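Enquirer: Mind looking over this structure? Questions follow.
Nothing in this text is a laboratory measurement; each read-out follows from the coordinates by a stated rule. None of these values were measured; they are calculated from a predicted model. Please note: Cβ atoms are built from the backbone with ideal geometry, for glycine as well, and neighbour counts cover all protein chains shown.
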Amino acid sequence: MELRKSRRYHLTAPAFCWFKRSDGTLQEAQGTTRDISDRGVFVVAELLPFPGAHVELDVYLPSAGLTPRSVQLHGEGIVLRVGEVGTSQSGFAAEVLFQTESYDAATVLGPKGIQ
């Protein structure tokens, strides 16, 4: 049974995140998105936050269509689950509320995709 509340889009894009480690030290990590929705993201990475950690994310979407405009998604949220390091599931899923910044115009990631 499908429990997801929104549609996922399989998208590989650069992602940068910041979170506090269990000792309180601020950690910066990078990876790539595996999939994304209007409510969250799965990031494939080697440095992983712990479940329940507050995370900030920047995702850089490639330009689409005929415009050379690129879009940066910035979001904050909570890490829901973490995959094992060194496996194909090495990464984390986070519930994230994204805001967008576009270099030419406003862009929204919503239930109907990137608009």
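Enquirer: P(r) tail for region 9-103, what percent of Cα pairs lie past 19 Å?
Expert: Of all Cα-Cα pairs in region 9-103, 35 percent lie more than 19 Å apart.
Enquirer: Which of the trypsin sites (Lys or Arg not before Pro) found in region 7-39 are loop residues per DSSP with 14 or fewer other Cβ atoms within 10 Å of their Cβ?
Expert: Arg7, Arg21
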